[in-house]
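Notes for the one structure printed next.
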Amino acid sequence: MLCVGGWGADLTPDSPISQCVLIACSENDISSEMFFLSILPLRHDDLKEMLDSNKDSLKLEAMKRIVAMIARGKNASDLFPAVVKNVACKNIEVKKLVYVYLVRYAEEQQDLALLSISTFQRGLKDPNQLIRASALRVLSSIRVTIIVPIMMLAIKEAASDMSPYVRKTAAHAIPKLYSLDPEQKDQLIEVIEKLLADKTTLVAGSVVMAFEEVCPERIDLIHKNYRKLCNLLIDVEEWGQVVIINMLTRYARTQFLNPNINEGSGGEKAFYAEAMAMAKRKPYVMDPDHRLLLRNTKPLLQSRNAAVVMAVAQLYFHLAPKAEVGVIAKALVRLLRSHSEVQYVVLQNVATMTIKRRGMFEPYLKSFYIRSTDPTQIKVLKLEVLTNLANETNISTILREFQTYIKSMDKDFVAATIQAIGRCATNIGEVRDTCLNGLVQLLSNRDELVVAESVVVIKKLLQMQPEKHSDIIKHMAKLTDNIQVPMARASILWLIGEYCEHVPKIAPDVLRKMAKSFTNEEDIVKLQIINLAAKLYLTNSKQTKLLTQYVLNLAKYDQNYDIRDRARFIRQLIVPTEKSGALSKYAKKLFLALKPAPVLESPFKDRDHFQLGSLSHLLNAKAGGYQELPDWPEAAPDPSVRNVEVKESVRAGLLTFFFFFFSSEQSSEEEERKHKRKSKLQKSDSESESDEEEESESESSQSESEESESEAEVKKKKKVMKMNFCTFKITVKSYELLHRITGEGLSVEYCFSRQPFSSDANMVAVQMQFTNNSTSETKSLHMEDVKLQSGMRVKEFAEIESLPAGESATAVMGIDFCDSTQAANFQLKFFVSIQPPVGELMQPVFLTENEFKKEQGKLTLDIKCRNEHAIVQRVTTTANLSRVPCGSDKECRFAGRTVTSGSLVLVTVVTKDEGATQLTVNCEKMVIGTMLVKDILLALTQ
């Protein structure tokens with residue numbers, strides 16, 4: 001793939017505009033890589049001549065060479081005037097490459113780019129979606145405030161473009177315009193709100209990124225689109241998935257309650273207070289939208305993209321109940337097989353997780369064992385994880401690993417291992433003596449750095465129980481002759497001074513040796529020598545009085561002012577004089593006070609206040625643009641804000657449609673004749689149905705009275721606009737799902753109720769009727785082993801616990817067929833299959849005549865057939881469509897949308913004088929349109 005620096009974040013590798021370079025360069029069976037490697041460099045003057053020629057082949061060759069130069073990192077900005085002239089070239093391949101070049105250099109050559117702005121505006125109207133998108137990208141790359149209105153207009157038009165790729169480019173242009181002119185924020189928010197309602201997966205990631213850049217605080221824009229984003233997430237491109245997941249993480253923290261709210265922190269002091277609070281608190285019930293987010297992101301843990309897996313992992317860590325967080329451990333361990341850069345980021349986050357959720361990674365302990373080929377930074381992070389996972393059960397195994405690591409040639413790694421041993425000894429008291437003895441053995445190591453690090457760690461461990469380890473202090477005192485590392489020498493001197501009472505004979509001798517080498521020591525060692533002298537003066541002044549004065553005199557004239565100040569301060573404090581203040585009385589309490597043992601903590605302990613997976617968490621500092629992770633709300637916000645209004649459809653059974661016929665400037669006689677014909681038809685209808693329903697008679701009589709009144713009105717007015725309501729009764733067809741013989745007495749029928757499914761508007765409601773024809777009771781009727789094609793979803797019906805013999809029960813389930821007639825297969829005690837007719841994949845939509853004609857002009861599919869029966873009733877029985885008003889008696893129009901994608905379906909039936917009938921079906925989904933034509937044609941010709 002060709003990569004050109006400076007194209008911007010909106011140029012994704014799989015986008016059409018980035019592939020156009022490869023398309024143009026792959027002509028004549030030459031791959032792009034071979035082209036770039038074999039191309040011979042030309043002078044810029046030669047390239048300008050080729051661009052000025054009249055032959056498209058030369059222009060194309062020149063543009064290929066120029067783009068190849070950019071790919072190699074060479075500067076081609078001086079060719080801008082020659083290239084920009086070809087932006088109006090009619091050759092599509094040349095135009096693509098010209099726009100690629102302009103996107104790269106438009107920001108640098110703003111004045112020249114402005115001269116061609118009219119050409120870019122014409123490009124926004126180009127029939128080719130790649131050209132429209134490229135023109136918008138170039139326009140948004142010109143960083144001049146004078147064209148802000150033009151850019152705003154272009155973005156608004158592109159946001160309504162038929163091509164999802166152009167709408168995606170419009171979303172990418174929004175942050176660019178916002179950074180150029182922040183005053184346009186209100187208008188840009190309107191565009192973002194419009195694009196957020198887009199149902200295309202190609203647009204979703206880009207518009208969420210624009211939302212995060214422009215108005216991340218406007219969470220009200222997300223409410224209505226929350227469920228759609230959750231459902232689209234699985235099909236969005238990978239980088240878009242990362243952006244959406246991170247945004248939804250922050251959204252969920254503001255809209256849902258903490259799922260772990262009923263779990264105490266575990267502290268003894270807070271036990272009773274937490275118990276009382278939990279007693280008053282209502283039992284936690286997870287919001288269905290919260291569960292929807294967790295359920296739809298879980299499959300992404302298997303993504304090939306490490307960033308997506310990390311995004312889902314942080315979402316579960318911050319949002320999921322503790323019992324469910326463990327599912328992310330296996331996915332994160334899988335990422336440890338990736339490149340070292342990925343391992344580093346993953347281990348940083350795992351190290352933070354293991355502090356609070358240690359149990360989830362314990363089964364994968366061996367995955368964190370260190371390999372000899374690991375870089376040092378990876379080794380250190382794995383050590384951190386192993387230390388966090390250490391407990392009484394696995395500590396022996398981990399310490400054996402640590403013993404092996406100490407033998408490594410990597411000194412930094414060895415030092416980190418010794419520190420890890422110290423932390424294990426601090427956290428697990430049972431192995432403290434074992435670790436301490438092991439560290440003492442390291443004091444005889446030949447490597448001075450190992451010994452020095454061991455001394456520092458031993459010093460911290462000895463502070464916990466110094467009285468039990470006086471032998472170790474004596475042993476360490478002997479090391480002052482050999483160890484030269486300043487930090488180690490300072491640690492030994494601090495230990496001897498702090499616990500000089502445990503080694504009363506050795507401490508004065510150590511001070512004597514240190515006084516000899518005082519002038520040659522490092523500053524940190526000198527400070528500890530002064531402290532040792534002061535402590536010995538206070539506890540054993542007879543032996544050390546002269547030594548202390550000698551050391552203080554040396555320090556008084558030291559080059560370092562810190563040492564000089566320390567010496568003067570200590571002299572006044574421990575050697576009482578007439579000028580000494582009251583502070584000298586408390587010298588022993590100041591120097592010999594009991595000091596608390598140091599707590600060896602993980603450096604990742606407080607990093608969880610940053611959102612995992614973010615740059616701020618990696619750096620342990622707030623980075624620019626970082627958005628804080630909100631705290632959980634104390635009370636649950638109103639969940640109804642995420643409800644999307646759906647138009648109510650008529651109940652199943654008898655569906656009533658109202659059709660409007662408009663007429664004007666008709667004579668009263670014609671009106672009377674038409675009304676008489678209609679009244680006769682309605683009377684005949686009422687007579688035929690009188691045996692079945694009594695209500696139909698009242699309806700017919702009521703219609704006759706209404707017609708008589710309308711006739712009187714027509715006689716009074718010659719110019720009138722009249723509405724006639726025609727009622728059609730449509731019976732819902734039932735299908736057999738399970739025969740009573742096959743089902744051993746259980747029979748199941750189903751029908752498409754043509755009602756919106758309450759749980760998900762993108763699902764088709766399927767009503768099932770169970771009948772028990774056997775002599776025994778049937779128990780536990782539920783769905784099992786659901787097998788669906790890719791993209792399809794099923795909302796199972798509630799389990800029927802018991803169905804007595806001879807009785808029936810009804811249940812409703814939802815199926816998302818993804819606008820296809822593929823069957824949904826599942827077990828219902830027996831294997832069954834539901835395959836929808838194409839007409840049931842739609843839902844009614846109400847359009848005006850003008851809207852119908854406008855949409856009809858965009859769609860194409862035409863077929864002719866004969867018509868001899870009642871058109872309206874047969875069409876609406878075959879397909880779940882609604883009638884569209886029409887001014888012609890010879891034309892019937894119907895409209896609907898596919899349930900999943902919302903694609904328009906328009907049906908027109910025109911009856912001609914000679915008896916021929918024209919059937920027109922317009923649909924964006926070619927397969928659905930073709931199948932619908934066959935079904936309607938069959939219904940009309942039967």
>> For the pairs K356/K595; K382/K595; K474/K595; K542/K589, flag any whose C-alpha to C-alpha distance is greater than 23 Å.
In response: K356/K595; K382/K595
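Within the accessible area of region 752-794, what % is carbon and sulfur when the probe is 1.4 Å and the other protein chains stay in place? Don't skip to the answer; put the middle values down first.
On the way: 850 of 2180 Å².
The nonpolar share, carbon plus sulfur, comes to 39 percent.
For region 471-557, state which chymotrypsin sites (Phe, Trp or Tyr not before Pro) are in a DSSP loop and have at most 13 other beta carbons lying within 10 Å of their beta carbon. Mind dumping the intermediate values first?
Working: sites: W494, Y499, F518, Y537, Y550, Y557; in loops: Y499, Y557.
The qualifying sites are Y557.
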>> Sorting check: for 303-316, 392-405, 141-154, which peptide has the highest mean count of neighbouring beta carbons within 10 Å, and how do the rest follow?
In response: 303-316, 141-154, 392-405
>> Classify region 280-361 from the C-alpha gyration tensor, please: rounded if a/c falls under 1.5, else prolate or oblate depending on whether a/b exceeds b/c.
In response: oblate
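Under a point-charge model restricted to the Cβ atoms of Lys and Arg (+1) and Asp and Glu (-1), what is the dipole moment magnitude of region 734-837 relative to its Cα centre, in debye to the nearest 20? Let's see the in-between values first.
Working: 7 positive and 13 negative charges, 33 e Å.
So the dipole magnitude of region 734-837 works out to roughly 160 debye.
On the accessible surface of region 447-535, probed at 1.4 Å, how many percent belong to carbon and sulfur atoms?
Numbers: 1750 of 3590 Å².
The nonpolar share, carbon plus sulfur, comes to 49 percent.
Which entries in the list K379/K407; K322/K787; K460/K588; K168/K298; K829/K934 go over 24 Å, if you measure between the two C-alpha atoms of each?
Details: K379/K407 14 Å; K322/K787 30 Å; K460/K588 22 Å; K168/K298 26 Å; K829/K934 35 Å.
Over 24 Å Cα-Cα: K322/K787; K168/K298; K829/K934.
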> Percent of accessible area on region 165-265 owned by carbon and sulfur, 1.4 Å probe?
Replying inline: 50
>> At 1.4 Å probe radius, can you tell me the per residue accessible area of region 734-837 in Å²?
In response: 49
> Exactly which GluC sites (Glu not before Pro) in region 164-260 are in a DSSP loop and have at most 13 other Cβ atoms within 10 Å?
Replying inline: E217
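The values are calculated or read from the model by the stated rules, or taken from the named source; none is laboratory data. Just so it is clear, the model here is predicted, and its values are computed rather than measured. Here Cβ is always computed from backbone atoms with ideal geometry, including for glycine, and neighbour counts include all displayed protein chains. Note: areas computed on protein heavy atoms with side chains; ligands, DNA, RNA excluded. Shrake-Rupley method; radii C 1.70, N 1.55, O 1.52, S 1.80 Å.
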